[in-house]
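Chemist: The structure's right below; bear with me while I get my questions together.
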Amino acid sequence: MLTKVIEQAKIDHFIKWLDRADKIVIVSHVGPDGDAIGSSLGLWHFLDSLGKTANIIVPNAFPDFLKWMPGSKEVLFYDRYKEFADKLIAEADVICCLDFNAIHRIDAMGSAILAAQARKILIDHHPHPEDFCKIIISHPEISSTSELVFRLICRMGYFSDISKEGAECIYTGMMTDTGGFTYNSNNREIYFIISELLSKGIDKDDIYRKVYNTYSESRLRLMGYVLSQMKVYPAHHAALISLTKEEQGRFDYIRGDSEGFVNIPLSIRGVVFSCFLREDTEKPMIKISLRSVGTFPCNKLAAEFFNGGGHLNASGGEFYGTMEEAREVLEQALEKYKPLLCAKG
Ligand code: 5GP
Ligand code: MN
């Protein structure tokens, strides 16, 4: 049995909305990851089984390693089909905001969502949700939005309506947001849910291979290169990796190729904090990815130094400036956070 995480009143409220809704729009964050797409498609398959007209809209494209997901071809990209997406958003009865806590996380889509007349619900696991939805289902203690979607569907009484395809999407989000169940994954209920998803016929081993083991040769060579350039800060228990646009060009970089790189330095004994700086190809900025193990709050560092945020152990931000400047800022941050980086526990 699962603990009743989501408040009953919110579930009742959402059921009422769904009863009356025909057109539903699901939106998720810029640079969609496995949990953004997994939770969106998990909910989409379910709404489809209820006979609703549902559309998923995300700000921009997602990586190739998620393209196998059932229903992924239906996902609309706002940066390519803005007019059509704006129409869907304006005409929606209900808008479900998944896996983001702040309107700026959906980029240019934000104003259309704010202006829409639809009833809005937030389903998310990032701390400190902004107040732009009537129903806010926000649970930072839950490791993925996909898990919350599973819990919501079950609590509404529709476990039997979850299809194998929907279960595959939910599993993918749970898996990717926990690094294949290697962090934020000690809640035993996660494994109860996996057991329930397996009962739907999913092949979890195959999903793992499809997500993590279908990269190109050049991606593996890029990984080797990036690691060979890694800088370790032993006194700060930290490590830094980076990737410039020029280097991306040299290794035929495509979107998603650097997924997971930021976790690798954490495999060094003693390193509790890892930073990855990547020059963005679309905007003139450096994308920051931060990861930690234990109690080091990389979301605090992201907010203070990189205009970002996220979770305790996984966060990110943006930096407008050169790679060299970003590195200097990171080094200042390391100095400031040295006591916490060196704290035991
Ligand atoms: P990633 O390193 O995978 O891009 O991001 C890890 C987590 O950091 C995301 O799930 C999200 O919570 C947070 N994050 C990443 N980039 C940003 C950002 O620019 N702003 C904020 N507020 N959070 C971010
Ligand atoms: Mn997530």
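The values are calculated or read from the model by the stated rules, or taken from the named source; none is laboratory data. The shown structure was predicted, so the numbers you read here are calculated from the model rather than taken from an experiment. Note: ideal-geometry Cβ built from the backbone for every residue, glycine included; neighbour counts use all protein chains shown. Calculation scope for accessible area: heavy atoms of the full protein, side chains included, ligands and nucleic acids excluded. Shrake-Rupley method; radii C 1.70, N 1.55, O 1.52, S 1.80 Å.
Chemist: Running a GNM on the chain with Cα contacts under 10 Å, which residue among Asp206, Asp64, Asp22 ends up with the highest mean-square fluctuation?
Modeler: Asp206
Chemist: Tell me the per residue accessible area of region 123-270 using a 1.4 Å probe; a whole number in Å² is fine.
Modeler: Values: 6920 Å² over 148 residues.
Per-residue accessible area for region 123-270 comes out at 47 Å².
Chemist: Suppose all protein chains stay in the model; what accessible area per residue would a 1.4 Å probe give for region 276-332, in Å²?
Modeler: Numbers: 2560 Å² over 57 residues.
Accessible area per residue: 45 Å².
Chemist: Rounding to the nearest 10 and keeping the result within 0 to 90°, find how far the Cα-based axis of helix 34-49 lies from the longest principal axis of the chain.
Modeler: Helix 34-49 sits roughly 10 degrees off the main axis of the chain.
Chemist: What number does region 1-155 give for Rg over Rh if you use C-alpha atoms and the Kirkwood radius? Write out the running numbers ahead of the final one.
Modeler: Values: Rg = 14.1 Å, Rh = 15.3 Å.
Rg/Rh for region 1-155 comes to 0.92.
Chemist: Additional query: Please report, as a whole percent, how much of the solvent-accessible surface of the chain comes from carbon and sulfur atoms (probe radius 1.4 Å).
Modeler: Working: 7920 of 15560 Å².
Roughly 51 percent, rounded to a whole number.
Chemist: P(r) for region 226-345, please, calculated from all Cα pair distances in 10 Å bins and given in %.
Modeler: Over region 226-345, the share of Cα pairs per 10 Å bin runs 14, 50, 30, 5, 0 percent.
Chemist: Which Cα, out of Tyr212, Leu227, Ile190, lies furthest along the positive dipole direction of region 152-263 (beta carbon charges, K/R +1, D/E -1)?
Modeler: Leu227
Chemist: Give the angle, between 0 and 90 degrees and rounded to the nearest 10, that separates the Cα long axis of helix 82-91 from the longest principal axis of the Cα atoms of the chain.
Modeler: Helix 82-91 and the main axis of the chain meet at about 40 degrees.
Chemist: Right, next: Just to confirm the number: angle between the C-alpha axis of helix 323-336 and the first principal axis of the chain, 0 to 90 degrees, nearest 10?
Modeler: 90
Chemist: What does the charge count around Lys164 come to, taking other residues whose C-beta lies under 11 Å from its C-beta (Lys +1, Arg +1, Asp -1, Glu -1)?
Modeler: Net of charged neighbours comes to -2.
Chemist: Please sort 307-315, 216-224 by packing, taking for each peptide the average over its residues of neighbouring beta carbons within 10 angstrom, highest first. It would help to have the intermediate numbers written out before the result.
Modeler: Details: 307-315: 19.3, 216-224: 14.7.
Descending packing order for the listed peptides: 307-315, 216-224.
Chemist: Let me ask something additional. How charged is the neighbourhood of His236? Take every other residue with its Cβ under 10 Å from the Cβ of His236, and add Lys/Arg as +1 and Asp/Glu as -1. If you can, show how the numbers build up before the last one.
Modeler: Numbers: positive: Lys338; negative: Glu331, Glu335.
Value of the local net charge: -1.
Chemist: Would you list the P(r) distribution for the chain, with all Cα-Cα distances sorted into 10 Å bins from 0 and each bin expressed as a whole %?
Modeler: Cα pair-distance distribution for the chain, in percent: 5, 25, 34, 25, 10, 1.
Chemist: Moving on. Starting from the alpha-carbon convex hull of region 135-237, give the projected area averaged over all orientations, in nm². Kindly include the intermediate steps, with their values, before the conclusion.
Modeler: Working: hull surface 38.1 nm².
With every direction weighted equally, the projected area is 9.5 nm².
Chemist: Continuing with this model, one more query. Which FRET efficiency value, to the nearest 0.05, is calculated for Glu247 and Asp22 with the Förster distance at 51 angstrom and r the Cβ-Cβ distance? Intermediate values should be presented prior to the final figure.
Modeler: Numbers: r = 49 Å, r/R0 = 0.96.
Between Glu247 and Asp22 the formula returns 0.55.
Chemist: Which pairs, out of Lys52/Lys200; Lys4/Lys200; Lys67/Lys120; Lys10/Lys287, put more than 29 Å between their alpha-carbon atoms? Can you show the working numbers first?
Modeler: Values: Lys52/Lys200 22 Å; Lys4/Lys200 22 Å; Lys67/Lys120 27 Å; Lys10/Lys287 35 Å.
Violating the 29 Å limit, Cα to Cα: Lys10/Lys287.
Chemist: Using the charge dipole of the chain (Lys, Arg: +1 at Cβ; Asp, Glu: -1 at Cβ; taken about the Cα centre), state which of Gly173, Gly110, Ala238 has its Cα farthest towards the positive end.
Modeler: Going by the Cα projections, it comes out as Ala238.
Chemist: Suppose every K and R has +1 on its Cβ and every D and E has -1 on its Cβ; what is the size of the dipole of region 1-159 about the Cα centre, in Debye to the nearest 20? Could you put the intermediate results ahead of the total?
Modeler: Working: 17 positive and 21 negative charges, 76 e Å.
I would put it at about 360 debye.
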